[in-house]
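The values are calculated or read from the model by the stated rules, or taken from the named source; none is laboratory data. Computed from a predicted model, the values in this text were never measured in an experiment. Counting neighbours? That spans all protein chains shown, and the Cβs are built from the backbone with ideal geometry, glycine included. Side chains are part of the model used for accessible areas, which takes the heavy atoms of the whole protein and leaves out ligands, DNA and RNA. Shrake-Rupley method; radii C 1.70, N 1.55, O 1.52, S 1.80 Å.
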Amino acid sequence: MMGKKSAAEFLSGPEFFNPNLIIPLPEPSIDERDKTFGVCMVTEDIDLQVLYSAYVQGIFPWFNEDDGDPVIWCSPDPRFCIWTDDLHISRSIDRFLKHSPYTYTMDRDFRSVIEGCREVSREDQSGTWIGDKIIRAYCELHEVGIAHSFEVWHGEKLVGGFYGELLGSVFCGESMFTLESDSSKSAFALFARAFKKCGGKLIDCQAYTDNMARYGAVEISRSSFRSLEIKYLNIPLAKDLRRQFEEDVKSFPVVTDGE
């Protein structure tokens, strides 16, 4: 039996989400010792309306729940982004997709994807930044149609995936996990191309990673990112992303283990 929600939890949940309400949040503090993180504020929990408002203002929660951190809201400088016009998909990924054993879906199992991202071990990282607060908040963001997941299946087993937020023609990537070779890498390539075909302009990768650099991500200043985000937030996609993604997936037939 599920426990009852408190009044505060109920008033901040999906039932009361308003996409037209943007709560102004503080600018990054100029007194932070390491300004690259761009700390804007610190809270005890993640309110859904605040989380949505944060992304609209180029801010996101960046903290380690395993270490007992409070919720730290950041707007890093520089920002790591992919312009879809500069998207690079390697030939090796295209070759893999022609013989992929995987099935790819969008928004079939958001919770399992974010939990997969929490459980995967990462180099030079003893714990995970994805804890119960993150999972609850982003599942709520998924319920209201802002956060989306992309799943990779080998038969009935979930073997990879990633999730992020779609705001206008901006996609804010969060985290991915891979249990079998090239699973999430190929899913991201399918997504990125579908996103571009739909009129997507910018993929926010937040902070530098070698993986996203291979797709054409570059570092830009926080002020440049904010200017682009403000512009592209008000430009909706010209096509339905899920429909385009599914159409693109069909162009790469699944190769079963026996073939």
Original post:
What is the set of long-range amide H partners of Cys74 at a cut-off below 5 Å, with H atoms built 1.01 Å from backbone N?
Top reply: Cys40, Phe60, Trp62
**OP:** Please report how far the C-alpha centroid of region 69-107 lies from that of region 119-198, rounded to the nearest whole angstrom.
**Re:** 9 Å
Original post:
On average, how much accessible surface per residue is there in the chain, in Å², for a 1.4 Å probe, leaving out ligands, DNA and RNA?
Top reply: 51 Å²
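At a temperature of 25 °C and a viscosity of 0.890 mPa s, determine how fast region 115-251 diffuses translationally according to Stokes-Einstein, using the Kirkwood radius over alpha-carbon pairs as Rh; express D in µm²/s, rounded to the nearest whole number. Display every interim value, and only then the final one.
Numbers: Rh = 16.0 Å.
After rounding, the answer is 154 µm²/s.
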Original post:
Once phi is turned into θ = phi - 60°, what whole-Hz ³J(HN,Hα) does the Karplus curve with 6.51, -1.76 and 1.60 give for every residue of region 153-162, x standing for Gly and Pro?
Top reply: 10, 10, x, 9, 9, 7, 10, x, x, 8
**OP:** Can you tell me the dipole magnitude for the chain around its Cα centre, using point charges on the Cβ only (Lys, Arg +1; Asp, Glu -1), in Debye to the nearest 20?
**Re:** 980 debye
**OP:** Let me know the charge dipole size of region 121-224 about its Cα centre in debye, to the nearest 20, where only the beta-carbon of Lys, Arg (+1) and Asp, Glu (-1) is charged.
**Re:** 400 debye
Original post:
Can you list the residues of region 161-186 with backbone N under 19 Å from a point 7 Å past the Cα of Ser251, pointing along Cα to Cβ?
Top reply: 185-186
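When the accessible area of the chain is computed with all protein chains present and a 1.4 Å probe, what percentage of it is carbon and sulfur? Let's see the in-between values first.
Numbers: 6790 of 13280 Å².
Whole-percent figure for carbon plus sulfur exposure: 51.
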Subject >> Using a Förster distance of 51 Å, the FRET efficiency for Ser223-Asp67 (Cβ separation, nearest 0.05) >> reply: 0.95
Subject >> Scaled radius of gyration (Cα, divided by 2.2 N^0.38 Å) that region 148-190 gives >> reply: 1.18
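Take the Cα pairs of region 79-162, get the Kirkwood Rh, then feed it into Stokes-Einstein at 4 °C and 1.567 mPa s and tell me D in µm²/s.
On the way: Rh = 15.0 Å.
My calculation gives 87 µm²/s for D.
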**OP:** Report, largest value first, the span of the C-alpha coordinates of the chain along each principal axis, in whole Å.
**Re:** 57, 48, 39
Subject >> Rounded to whole Hz, the Karplus (6.51, -1.76, 1.60) HN-Hα couplings of region 175-188, x for glycine and proline >> reply: 7, 9, 9, 9, 9, 9, 3, 6, 5, 6, 4, 6, 5, 5
**OP:** Would you compute the Debye intensity of region 30-84 from its alpha-carbon atoms alone, equal scatterers and no solvent, and pass along log10 I(q)/I(0) at q = 0.20 Å⁻¹ to two decimals?
**Re:** -0.78
**OP:** Go through region 126-216 and name the chymotrypsin sites (Phe, Trp or Tyr not before Pro) that are in a DSSP coil and have 15 or fewer other Cβ atoms within 10 Å of their Cβ.
**Re:** Tyr208
**OP:** For n ≥ 4 DSSP H runs only, could you compute -39500 (n - 2.57) per run for the chain, divide by its residues and tell me the 222 nm figure to the nearest 500?
**Re:** -9500 deg cm²/dmol
